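To keep things clear, I will list the structure first and then write my remarks on it.
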Amino acid sequence: MRNEAQFSLMTILLLVVASIGSGTTANAQTARSGDGVPAMVSGFGGAVAVGDHDVFVAESRNATEPGVVYVFQKGVSGWASSAKIVAEDGEIGDGFGTALAASGNTLLVSSSGEDNKGAVYVFTREANGGWIQTAKFSAEDGEPRDNFGGSLAISGNLALIGAPRKSTRTGAAYAIWRNSETGTWSGLTRLAEDGVSEGDAFGSSLAIDGMNVYIGASRFDAGAGAVFSFTFDTASGEWVSKGKLPVGDAGDSGFFGSSIAVHGHHVLVGAPRASEGNGMVITLMPGESGWEAHESIIPEEGTEKSMFGSSVAVAGSSIVVGAPGSNGNLGAAFTYEMDHAAHGWKKVSDIVVDGLEGRAYFGSRIVASDDVIVVGVPGSDHGAGSGAIFTRHGDEWLKEATLVGQSSNYARVVGEQVNCEEGSASAFSCNQIDLVSFLPVAEIGGARGVRLNDVWGWTDPETSREYAIVGRIDGTSFVDITDANNPVYVGTLPRTEGSPASTWRDMKTYKNHVFIVADNAGEHGIQILDLSELREAKDYPVTFTETAHYDGIHSAHNIVINEASGFAYSVGSSSGGESCGGGLHMINIQDPTNPTFAGCFADPTT
């Protein structure tokens with residue numbers, strides 16, 4: 001029984017691994033490789049697009065299936081998923097959906113591929129509303145880690161593809177044309193710009209305006225950023241460089257060119273790192289001697305580190321600016337209308353979503369049509385991601401729908417052991433280790449996006465029943481593993497009220513009590529639960545309430561217990577309370593429900 005229980009604990013450890021596991025114009029849509037917003041767990045909401053009839057949201061990083069693009073349509077009862085688009089040659093880890101761009105009945109989807117070399121797929125909308133793959137192309141000069149398709153733009157029969165990581169992040173951009181009669185794409189051409197060098201990320205953002213295109217290099221000149229202009233010469237059939245656009249007030253570290261959109265005669269360029277991360281959008285207009293910086297759109301006073309300008313989109317007469325760093329990385333977006341009397345852009349409305357938690361990064365991706373705004377929220381639901389649709393009502397934009405994916409997860413394995421054969425046991429890789437059982441996160445108290453990070457064990461001295469104590473980012477689960485082939489979810493202890501979710505939770509046991517800490521979790525403190533409650537629990541699953549609480553520390557990376565002496569040591573304490581310089585915060589827990597501070601120990605040289 002002991003060995004089987006240990007195997008079951010190992011399967012729950014597998015749970016830990018598995019669970020961790022854009023601007024637009026009226027005629028062109030662009031998705032870009034962003035700066036400043038980290039990649040999320042599933043990638044849902046990391047790329048969005050809007051077509052004539054559909055809204056598209058990608059989920060490029062799902063661990064159990066190839067990347068997928070969800071198609072949403074508005075029906076009588078509201079917005080709903082109508083289809084899932086996948087690559088014909090899709091495979092797990094392909095990054096399909098890294099970027100999206102749509103125009104009319106055409107959708108471009110990029111895939112990073114296993115080696116991040118990259119490819120772009122073309123899908124066409126059929127008369128019945130379905131989408132079929134009609135083309136796939138990649139760069140002939142492509143190399144691993146180029147990120148070909150890291151950004152995309154399309155307008156009519158012209159498409160642009162960015163490869164911002166090519167040649168050690170020098171970057172590259174390509175143009176390709178579609179034959180209007182045959183519908184075939186051909187003539188992939190690299191747009192050359194002599195002024196870029198290693199690290200500039202040329203191709204990180206793209207925009208199309210007729211025969212003119214704009215290519216961002218957000219890391220140009222050590223992070224100042226740049227936007228390069230090209231025009232297609234129909235007589236020669238060549239792309240002609242028109243040089244750089246002025247950066248205006250973006251400064252020398254603004255990441256100017258992180259996003260680009262075109263509104264009439266205005267080119268709108270996001271610089272989300274300008275003003276020490278507050279961000280701004282520079283509007284440019286053609287003047288007598290070339291492009292001129294016309295206006296700097298900045299966030300309202302009091303907004304700090306908002307990354308305003310991470311995304312820019314055009315919605316009819318309005319422009320929409322994303323600020324994913326606003327409100328402590330919850331994110332926000334803002335709409336502006338042209339004030340013709342003042343010859344500048346005037347803010348009209350704030351676009352926010354209630355109920356977001358943590359680093360949601362609302363506004364990191366935005367696309368729009370005349371009366372619809374689609375916002376990517378890649379960090380919502382603990383990184384599972386979501387999307388939000390807003391529609392115009394006069395001067396206001398009202399939320400109509402929250403969009404989420406329906407991706408698969410690892411299936412439960414119970415009843416019988418699955419032996420490791422040919423390097424595989426169920427859905428897991430293995431090597432001389434058999435899989436005794438497996439419960440998905442959702443079956444042990446985890447909501448959408450919840451992941452696991454640690455596991456401990458406890459044996460009831462009265463009943464000899466064995467339990468796994470499993471750390472979730474939002475609390476702690478208790479699983480009876482006495483019958484290792486048939487684990488039973490007993491209940492959950494939610495995280496301390498008011499504390500944020502934490503990717504690191506640690507727990508240890510002493511005198512039949514569990515002591516739980518969480519890192520970077522605000523005023524979490526140490527939760528203490530009398531484990532005899534597991535023995536008395538009925539009507540599983542049970543939501544437990546902590547037996548005692550220690551508030552001498554707020555957050556901690558680990559807790560260590562000397563069972564012989566009855567002392568606990570909070571390690572790496574932070575966020576408040578007595579942190580002991582990150583060293584050992586010592587606690588007398590000889591009476592587990594009445595812990596008392598015993599002193600500090602820290603190495604002064606660390």
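The values are calculated or read from the model by the stated rules, or taken from the named source; none is laboratory data. Just so we're clear, the structure is a prediction, and the values are computed from it rather than from any experiment. Every residue, glycine among them, receives a Cβ derived from its backbone with ideal geometry; neighbour counts consider all protein chains shown.
Overview of values
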| item | result |
| --- | --- |
| Tally of residues being crowded, with 22+ Cβ neighbours inside 10 Å and in a loop (DSSP other than H, G, I, E, B) across segment 380-403 | 2 |
| Subset of segment 351-379 that is acidic (Asp, Glu) and more than 22 Å from the chain's Cα centre (by Cα) - its residue that is surrounded by the fewest Cβ atoms within 10 Å (Cβ to Cβ) | ASP370 |
| Top-ranked residue of segment 380-417 - restricted to ones that are closer than 25 Å to GLY51 by Cβ and among the basic types (Lys, Arg), ranked as farthest from the chain's Cα centre (by Cα) | ARG392 |
| Some residue of segment 318-325 being outside the structural domain of LEU452 (by TED's automatic domain parsing), modelled with pLDDT of 90 or more and assigned to a loop (DSSP other than H, G, I, E, B) | yes |
| Filtered residue count, segment 171-226, keeping only those that are basic (Lys, Arg) and in a strand (DSSP E or B) | 2 |
| Any chance VAL352 is in contact with a strand residue (DSSP E or B) (Cβ under 6 Å, 6 or more places away or on another chain), of a type outside the set (D, E, K, R) and at pLDDT below 95 | yes |
| In segment 540-559, residue nearest to GLY583 (Cα to Cα) [restricted to those that are surrounded by fewer than 13 Cβ atoms within 10 Å (Cβ to Cβ) and not aromatic (Phe, Trp, Tyr)] | THR545 |
| Of all residues in segment 239-273 being of a type in the set (D, E, K, R) and in a strand (DSSP E or B), the one that is nearest to THR283 (Cα to Cα) | LYS244 |
| Any hit, segment 416-437, residues being in the same structural domain as ARG535 (by TED's automatic domain parsing), buried (at least 17 other Cβ atoms within 10 Å of the Cβ), closer than 30 Å to GLN527 by Cβ and out of contact with any Cys (no Cβ under 7 Å at 6 or more places or on another chain) | yes |
| Meets criteria (under 18 Å from LEU108 (Cα atoms) and touching a strand residue (DSSP E or B) at 6+ places or on another chain (Cβ under 6 Å)) for THR184 | no |
| Any chance SER310 is over 22 Å from ASP371 (Cα atoms) and buried (at least 23 other Cβ atoms within 10 Å of the Cβ) | no |
| Test for GLN6: is it under 30 Å from ASN278 (Cβ atoms), modelled with pLDDT under 55 and either under 22 Å from the mean Cα position of the chain (by Cα) or not assigned by TED's automatic domain parsing to the domain that holds SER369 (or both) | no |
| Looking only at segment 93-111, and only at residues there that are surrounded by fewer than 22 Cβ atoms within 10 Å (Cβ to Cβ) and not polar (S, T, N, Q), the one that is farthest from GLY67 (Cα to Cα) | GLY104 |
| Residue in segment 475-486 that is modelled with pLDDT of 95 or more, outside the structural domain of ASP381 (by TED's automatic domain parsing), small (Gly, Ala, Ser) and under 22 Å from the mean Cα position of the chain (by Cα) present | yes |
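Yes/no per residue for (1) modelled with pLDDT of 95 or more; (2) hydrophobic (A, V, I, L, M, F, W, C); (3) in a loop (DSSP other than H, G, I, E, B):
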{"position": "VAL490", "(1), (2), (3)": "yes, yes, no"}
{"position": "THR509", "(1), (2), (3)": "yes, no, no"}
{"position": "VAL517", "(1), (2), (3)": "yes, yes, no"}
{"position": "ALA521", "(1), (2), (3)": "yes, yes, yes"}
{"position": "LEU529", "(1), (2), (3)": "yes, yes, no"}
{"position": "GLU533", "(1), (2), (3)": "yes, no, no"}
{"position": "LYS538", "(1), (2), (3)": "no, no, yes"}
{"position": "HIS549", "(1), (2), (3)": "yes, no, no"}
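Residue-by-condition table, conditions (1) within 24 Å of the chain's Cα centre (by Cα); (2) crowded, with 19+ Cβ neighbours inside 10 Å; (3) not assigned by TED's automatic domain parsing to the domain that holds TRP177; (4) not in a strand (DSSP E or B):
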| position | (1), (2), (3), (4) |
| --- | --- |
| GLY113 | yes, yes, no, yes |
| GLU140 | no, no, no, yes |
| ASP146 | yes, yes, no, yes |
| ALA153 | yes, yes, no, no |
| ILE161 | yes, yes, no, no |
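For every residue, the table says whether it meets (1) surrounded by fewer than 15 Cβ atoms within 10 Å (Cβ to Cβ); (2) β-branched (Val, Ile, Thr).
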position: ILE176; (1), (2): no, yes
position: ASN179; (1), (2): yes, no
position: ASP194; (1), (2): yes, no
position: SER218; (1), (2): no, no
position: GLY225; (1), (2): no, no
position: PHE230; (1), (2): no, no
position: TRP239; (1), (2): no, no
